[in-house]
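The values are calculated or read from the model by the stated rules, or taken from the named source; none is laboratory data. On a predicted model such as this, the values are computed, not experimentally measured, just so you know. Please note: Cβ atoms are built from the backbone with ideal geometry, for glycine as well, and neighbour counts cover all protein chains shown.
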Amino acid sequence: MTPVETASRLGPVLAFRPVPGRAEMPGNVPGTAPAEERILLSPPHLTGTEPTALQAALHSGWIAPAGPMPTAFEEAIAEATGFEQVLATTTGTAALHLGYRLLGVAPGDEVWTSTLTFIATIAPAVQMGAVPRFLDVSEESWTLDPARLERELARAARRGRLPRVVVPVDLFGQCCDLDTIAALCERWGVPVLCDSAAALGATQRGRHAGRGARLAAFSFNGNKIITTGGGGALASDDARLIERARMLATQAKEPAPHYQHETTGFTYGLSALLAAVGLAQLPALAERVAARRAIFARYREALGDLPGIGFMPEPGWGRANRWLSVALFTPRSGAPEREAVRRRLAALDIESRPVWKPLHLQPAFRDAPRSGGAIAAQLFETGLCLPSGSGLTPAQQARVTAAIRKEAGG
Ligand SMILES: *Cc1c(COP(=O)(O)O)cnc(C)c1O
């Protein structure tokens with residue numbers, strides 16, 4: 001290709017307005033009526049330093065998934081979370097997959113998780129032949145119920161069939177009761193892999209999300225609080241685990257001049273280009289958490305007086321990053337139906353989404369064993385995730401709350 005041809009192929013890319021919202025929405029063509037901005041659930045929020053970081057990575061020539069950029073990103077994640085060791089991965093799901101592999105998940109093993117989560121939490125384990133068991137959540141935090149876990153572990157020990165791994169989830173950026181869960185699992189010698197994919201910047205009893213688990217997985221997907229466009233991380237305080245994860249993430253190459261393999265691995269290392277984006281994003285974490293928490297507080301202030309409307313609780317032992325603000329609409333207490341609210345918002349070009357459909361209700365897991373599930377099912381019936389991006393302006397948020405008030409007749 002000639003440089004001219006290259007430039008013309010890049011044309012649409014260069015013309016693309018990358019940040020949705022504000023004055024440059026595609027609908028705002030001169031001479032046409034300005035369309036109301038589409039409000040998304042959780043779009044990427046750029047700091048403005050990403051192009052510089054990307055350019056630095058490109059100029060350095062180090063663009064493979066190795067070298068100084070991924071290392072610097074891993075160190076920055078370790079510093080932000082307090083974990084000793086971090087491996088940057090292609091996705092959060094890849095980090096979970098590596099976690100399952102490190103913990104020796106094999107066909108027929110049981111893997112326990114909270115039923116109220118995204119399918120990515122359990123998908124890699126199921127693909128490895130594990131049998132998922134879905135446990136209900138607590139009313140207090142909507143995360144894995146430790147009391148139920150305690151009963152189920154004792155029962156499983158009597159049956160002689162303890163899970164290979166327990167995978168609590170930090171739901172919508174709210175930490176699970178990890179200290180309690182880790183202590184229970186420790187009693188039975190069951191390792192904990194924490195799905196902290198959406199919980200960067202959240203804390204539990206003063207420690208960062210995932211701390212106290214054997215392994216924790218994070219995501220830098222485009223919708224998360226800090227994003228590399230696509231990316232993830234596996235973290236642990238056990239250096240040997242992360243060292244092995246690093247080996248598995250690079251096709252399980254043994255140290256030798258030729259390609260030597262004692263097992264099979266993956267291509268799961270994060271590209272240096274994306275690591276550069278992450279390095280530009282990460283310093284904004286505290287600001288992003290503050291912004292999302294402020295958005296949650298504004299929703300509560302603007303809607304809290306309406307009958308039958310509630311919000312995701314925050315237990316005393318945790319400080320959520322409020323990745324997504326979740327409201328509950330209970331019709332028998334006078335609120336409109338969740339779906340009526342969602343449809344009204346959609347008609348106004350405002351994106352919202354029901355709370356995760358519990359995994360025990362998913363056709364993919366029709367036959368999976370479970371313990372309870374009624375609390376999660378109720379949250380799915382009534383819970384709606386509202387626009388929560390840290391770039392959401394008060395004016396945009398006022399559009400959301402006005403629409404909800406209108407649907408509620410108040
Ligand atoms: C985003 C997310 C994942 C998956 O992360 P990816 O980077 O998209 O693979 C897993 N679990 C939860 C709870 C998530 O929110």
statement: Among (1) over 20 Å from Ala199 (Cβ atoms); (2) surrounded by fewer than 17 Cβ atoms within 10 Å (Cβ to Cβ); (3) not β-branched (Val, Ile, Thr), Ala249 falls short only on (2)
message: Go through region 92-111 and report how many residues are within 13 Å of the ligand (Cβ to nearest atom) and β-branched (Val, Ile, Thr).
response: 1
- prompt: Tally time: how many residues in region 112-131 are within 14 Å of the ligand (Cβ to nearest atom) and within 17 Å of Cys176 (Cβ to Cβ)?
  reply: 9
- request: Could you tell me whether any residue of region 197-207 is away from the ligand (no atom under 16 Å from the Cβ), buried (at least 17 other Cβ atoms within 10 Å of the Cβ) and part of a loop (DSSP other than H, G, I, E, B)?
  value: no
field: Per-region count, region 180-199, residues of a type in the set (Val, Ile, Thr) and under 20 Å from the mean Cα position of the chain (by Cα)
entry: 2
query: If the Cβ limit is 9 Å and pairs must be 6+ apart or interchain, which residue in region 306-325 that is over 14 Å from Thr382 (Cβ atoms) and not assigned by TED's automatic domain parsing to the domain that holds Ala209 pairs with which residue that is of a type in the set (Lys, Arg) and surrounded by fewer than 18 Cβ atoms within 10 Å (Cβ to Cβ)?
result: Trp317/Arg205; Gly318/Arg205; Leu324/Arg353; Ser325/Arg298; Ser325/Arg300
query: Mind checking which residues of region 350-367 are in a loop (DSSP other than H, G, I, E, B) and among the aliphatic types (A, V, I, L, M)?
result: Val355
query: Pick from Gly222, Gly212: which is assigned by TED's automatic domain parsing to the domain that holds Ala78 and closer than 22 Å to Glu84 by Cβ?
result: Gly212
- prompt: Just for region 158-176: of the residues that are surrounded by fewer than 24 Cβ atoms within 10 Å (Cβ to Cβ) and over 18 Å from Pro107 (Cα atoms), which one is nearest to the ligand (Cβ to nearest atom)?
  reply: Arg159
- request: Among the residues of region 209-245, write down those that are within 16 Å of the ligand (Cβ to nearest atom) and in a strand (DSSP E or B).
  value: Ala213, Leu215, Ala216, Ala217, Phe218, Ser219, Asn221, Gly229, Gly232, Ala233, Leu234, Ala235
message: Between a residue in region 180-194 that is assigned by TED's automatic domain parsing to the domain that holds Leu153 and any residue that is crowded, with 22+ Cβ neighbours inside 10 Å and hydroxyl-bearing (Ser, Thr, Tyr), which pairs come within a Cβ distance under 8 Å, given they are 6 or more apart or on different chains?
response: Leu193/Tyr100
- request: Considering (1) buried (at least 22 other Cβ atoms within 10 Å of the Cβ); (2) touching a Gly at 6+ places or on another chain (Cβ under 6 Å), say which one Leu306 fails and leave the rest.
  value: (1)
- request: For region 177-196, name all the residues that are within 14 Å of the ligand (Cβ to nearest atom) and either closer than 17 Å to Glu140 by Cβ or of a type in the set (D, E, K, R) (or both).
  value: Asp195
query: Tally time: how many residues in region 141-157 are touching an Asp or Glu at 6+ places or on another chain (Cβ under 8 Å), touching a residue at least 60 places away in the same chain (Cβ under 8 Å) and away from the ligand (no atom under 15 Å from the Cβ)?
result: 2
- request: Please verify whether region 136-158 includes one or more residues that are in contact with a His (Cβ under 7 Å, 6 or more places away or on another chain) and not assigned by TED's automatic domain parsing to the domain that holds Ala376.
  value: no
message: Whether any residue in region 304-315 is within 28 Å of Arg205 (Cα to Cα) and touching a helix residue (DSSP H, G or I) at 6+ places or on another chain (Cβ under 6 Å) is what I want to check.
response: yes
message: Regarding region 304-317, can at least one residue be identified that is under 18 Å from the mean Cα position of the chain (by Cα), modelled with pLDDT of 95 or more and outside any helix (DSSP H, G or I)?
response: yes
- prompt: Can you name every residue in region 259-274 that is buried (at least 22 other Cβ atoms within 10 Å of the Cβ) and touching a Ser or Thr at 6+ places or on another chain (Cβ under 7 Å)?
  reply: Tyr268, Leu270, Leu274
- prompt: What do you reckon, is Leu96 in contact with a helix residue (DSSP H, G or I) (Cβ under 7 Å, 6 or more places away or on another chain), in a helix (DSSP H, G or I) and either aliphatic (A, V, I, L, M) or surrounded by fewer than 20 Cβ atoms within 10 Å (Cβ to Cβ) (or both)?
  reply: yes
- request: Would you check which residues across region 38-76 are in a loop (DSSP other than H, G, I, E, B), at pLDDT below 95 and buried (at least 20 other Cβ atoms within 10 Å of the Cβ) and list them?
  value: Pro65
